[in-house]
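Peer 1: Input: one structure, supplied below.
The values are calculated or read from the model by the stated rules, or taken from the named source; none is laboratory data. Values in this document were obtained by computation on a predicted structure and should not be read as measured data. A quick note on method: Cβ atoms are made from the backbone with ideal geometry, for glycine too, and the neighbour counts reach across all protein chains shown.
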Amino acid sequence: MIKPLLAASLFIVIVSCKKDSVKTYVNNPIEGEILVAPYSANAESGKLLILDELGNTIKEKTTPGVAMNFQKWTINGNVRYTYLVEDGDGYHIPGYSAYIPGYQVIADENLNELKRVYLLSHNTIDATAQPLLDAHDFILLDDEHYIVMSYYEKKVTNIPADLNPSADVRLIAPVIQEIKNDQVIFQWDGTEHPELYYESVEGNSYSNTTAVQDYLHINSMFVDPNDDNLICSFRNANLVLKINRTDGSIVWKLGGKNSSFTLSNDQVFLRQHNVTLLTDGTLLMFDNGAAGERTSTRIVEMRLNEAAKTVSSFSAFTVPLDYSQYMGSVQKINDSYFIGGGTGKYILEINPLSGVKSFEMKLDLPSYRSFKY
């Protein structure tokens with residue numbers, strides 16, 4: 001590895017993170033650890049990388065399958081890392097490649113594996129047949145308490161007749177489970193909410209029996225600290241839902257075809273990822289854009305008045321790098337955005353007000369998300 005010599009000055013340096021990264025630009029970046037998991041589809045192994053703020057590798061780990069969604073948590077004074085490993089021997093939905101099924105790993109501060117997490121059988125969900133989780137998100141609440149998601153293949157009988165469904169159509173049900181001490185204490189299955197079939201803009205050929213229909217494509221979860229409910233993103237509907245974490249009811253819809261909030265044209269987001277809340281309650285999202293509609297990627301901040309169902313503040317920052325059609329993440333650290341570019345193959349730290357970049361790394365491979373801690 002080539003170590004940079006001047007930590008405080010502006011420079012370009014070639015970083016040796018094996019073959020997963022190339023040119024890096026650094027200009028007084030925010031201190032912290034960068035987590036990234038570059039991957040190649042159908043690879044036999046994956047890689048977890050922990051970098052310093054200059055882009056130098058601090059630690060790396062090879063995984064026995066493709067690794068996704070590498071995250072760090074500090075809970076009750078304990079540092080934990082989590083990530084999903086693709087299970088090549090487990091059930092994969094036939095003919096569907098837009099997801100990575102596997103098991104979630106909880107690891108200690110040294111990346112030593114503590115536990116593997118799988119889907120559990122509960123109500124209509126049969127985990128003996130489909131035990132794998134989806135890679136898009138995972139929330140660690142404690143070593144024995146977490147929220148997982150799965151893409152679960154099933155046939156249903158509740159698609160409205162005016163959508164011309166076939167009785168044999170196969171759907172990908174977005175399933176959320178909250179698990180504590182190896183017991184499911186909450187479960188949400190999107191197919192139990194038939195009004196959501198109308199929201200889909202992709203994967204909604206309900207009469208097509210030759211291909212599985214991923215009509216919602218859940219891709220992020222976040223616990224709202226104000227009410228403990230879940231805020232979830234559904235890419236294939238341009239939709240964000242708040243879901244009651246007790247009874248599973250839908251509290252509100254943001255975006256999509258039937259938004260609870262009226263959005264201006266500029267406020268409409270497309271194929272979004274990684275929807276979270278800032279400490280002041282502002283919604284933050286990686287707004288990918290969509291082919292044929294808007295082929296530029298934005299970072300969106302949106303403050304909601306949930307009682308009045310209005311947007312009280314809004315800002316959008318166009319990322320000055322390649323359009324990221326798939327994947328991606330964003331954090332706001334101080335006044336800067338820390339962005340994982342997904343299929344754009346970059347990591348970027350930038351002040352949206354000044355446009356000044358403090359860190360930019362080009363990757364040879366995509367990484368689903370990149371985070372700084």
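Peer 1: Which ones in region 341-356 are within 11 Å of Y326 (Cα to Cα) and part of a loop (DSSP other than H, G, I, E, B)?
Peer 2: G341, K345
Peer 1: Hey, among the residues in region 344-372 that are hydroxyl-bearing (S, T, Y) and crowded, with 16+ Cβ neighbours inside 10 Å, which one's farthest from the chain's Cα centre (by Cα)?
Peer 2: S358
Peer 1: Tell me the residue from N76, N112 that is polar (S, T, N, Q) and on the phi > 0 side of the Ramachandran plot, please.
Peer 2: Exactly one of N76, N112 is polar (S, T, N, Q) and on the phi > 0 side of the Ramachandran plot, namely N76.
Peer 1: Scan region 312-338 for residues that are among the aliphatic types (A, V, I, L, M), within 19 Å of T279 (Cβ to Cβ) and touching a Ser or Thr at 6+ places or on another chain (Cβ under 9 Å) and jot them down.
Peer 2: Listed by number, the list holds a single entry, V330.
Peer 1: Select from region 338-373 the residues that are at positive phi and without any contact (Cβ under 8 Å) to a residue 40 or more places away in the chain and list them in ascending order.
Peer 2: K345, G355
Peer 1: Now for a separate question. Conditions first: (1) in contact with a Ser or Thr (Cβ under 6 Å, 6 or more places away or on another chain); (2) under 22 Å from I100 (Cα atoms); (3) not β-branched (V, I, T). N164 passes all but one, so which condition is the exception?
Peer 2: Unmet for N164, out of (1) in contact with a Ser or Thr (Cβ under 6 Å, 6 or more places away or on another chain); (2) under 22 Å from I100 (Cα atoms); (3) not β-branched (V, I, T): (2).
Peer 1: So the check is Cβ under 6 Å with 6+ separation or different chains; which pairs have a first residue in region 326-337 that's more than 22 Å from H136 (Cα to Cα) and assigned to a loop (DSSP other than H, G, I, E, B) and a second one that's among the polar types (S, T, N, Q) and modelled with pLDDT of 95 or more?
Peer 2: Filtered contacts from region 326-337: D335/N351.
Peer 1: Could you check region 294-325 and list, in sequence order, the residues that are assigned to a loop (DSSP other than H, G, I, E, B) and closer than 22 Å to K345 by Cβ?
Peer 2: Passing the criteria: T295, S296, T297, V319, P320, L321, D322, Y323, S324, Q325.
Peer 1: Next question. Could we say that N76 is among the polar types (S, T, N, Q), surrounded by fewer than 20 Cβ atoms within 10 Å (Cβ to Cβ) and either in contact with a strand residue (DSSP E or B) (Cβ under 6 Å, 6 or more places away or on another chain) or touching a residue at least 24 places away in the same chain (Cβ under 8 Å) (or both) here?
Peer 2: Spelling it out, N76 is indeed among the polar types (S, T, N, Q), surrounded by fewer than 20 Cβ atoms within 10 Å (Cβ to Cβ) and either in contact with a strand residue (DSSP E or B) (Cβ under 6 Å, 6 or more places away or on another chain) or touching a residue at least 24 places away in the same chain (Cβ under 8 Å) (or both).
Peer 1: Still on this structure, I have one more. Return the pair list, or none, for Cβ contacts closer than 7 Å from residues in region 218-242 that are outside any strand (DSSP E or B) to residues that are surrounded by fewer than 21 Cβ atoms within 10 Å (Cβ to Cβ) and of a type in the set (F, W, Y), at least 6 apart or on different chains.
Peer 2: From residues that are outside any strand (DSSP E or B), there are no pairs.
Peer 1: When region 23-38 is examined, which residues are found to be more than 20 Å from N351 (Cβ to Cβ), at pLDDT 95 or above and either in a loop (DSSP other than H, G, I, E, B) or more than 24 Å from the chain's Cα centre (by Cα) (or both)?
Peer 2: E33, A37, P38
Peer 1: Turning to a different aspect of this structure: Determine whether L263 is assigned to a strand (DSSP E or B), hydrophobic (A, V, I, L, M, F, W, C) and in contact (Cβ under 8 Å) with a residue 40 or more places away in the chain.
Peer 2: no
Peer 1: Mind checking which pairs have a first residue in region 158-184 that is within 26 Å of N229 (Cα to Cα) and a second that is in a strand (DSSP E or B) and of a type in the set (G, A, S), Cβ under 7 Å, 6 or more apart or different chains?
Peer 2: Matching pairs, first to second residue: V175/S150.
Peer 1: Out of L196, L119, L141, which single residue is outside any strand (DSSP E or B), under 27 Å from S367 (Cα atoms) and not aromatic (F, W, Y)?
Peer 2: L119
Peer 1: Kindly indicate whether L263 is within 30 Å of A161 (Cβ to Cβ) and surrounded by fewer than 16 Cβ atoms within 10 Å (Cβ to Cβ).
Peer 2: In short, yes.
Peer 1: Pick from H217, H136: which is surrounded by 20 or more Cβ atoms within 10 Å (Cβ to Cβ), under 24 Å from S259 (Cβ atoms), in contact with a Pro (Cβ under 9 Å, 6 or more places away or on another chain) and at pLDDT 95 or above?
Peer 2: Exactly one of H217, H136 is surrounded by 20 or more Cβ atoms within 10 Å (Cβ to Cβ), under 24 Å from S259 (Cβ atoms), in contact with a Pro (Cβ under 9 Å, 6 or more places away or on another chain) and at pLDDT 95 or above, namely H217.
Peer 1: Does at least one position in region 221-238 carry a residue that is over 19 Å from the mean Cα position of the chain (by Cα) and among the hydrophobic types (A, V, I, L, M, F, W, C)?
Peer 2: No, region 221-238 has no match at all.
Peer 1: In the list I147, I106, I93, I100, which residue meets the criterion of being in contact with a Lys or Arg (Cβ under 7 Å, 6 or more places away or on another chain) and either modelled with pLDDT of 95 or more or surrounded by fewer than 21 Cβ atoms within 10 Å (Cβ to Cβ) (or both)?
Peer 2: It is I106.
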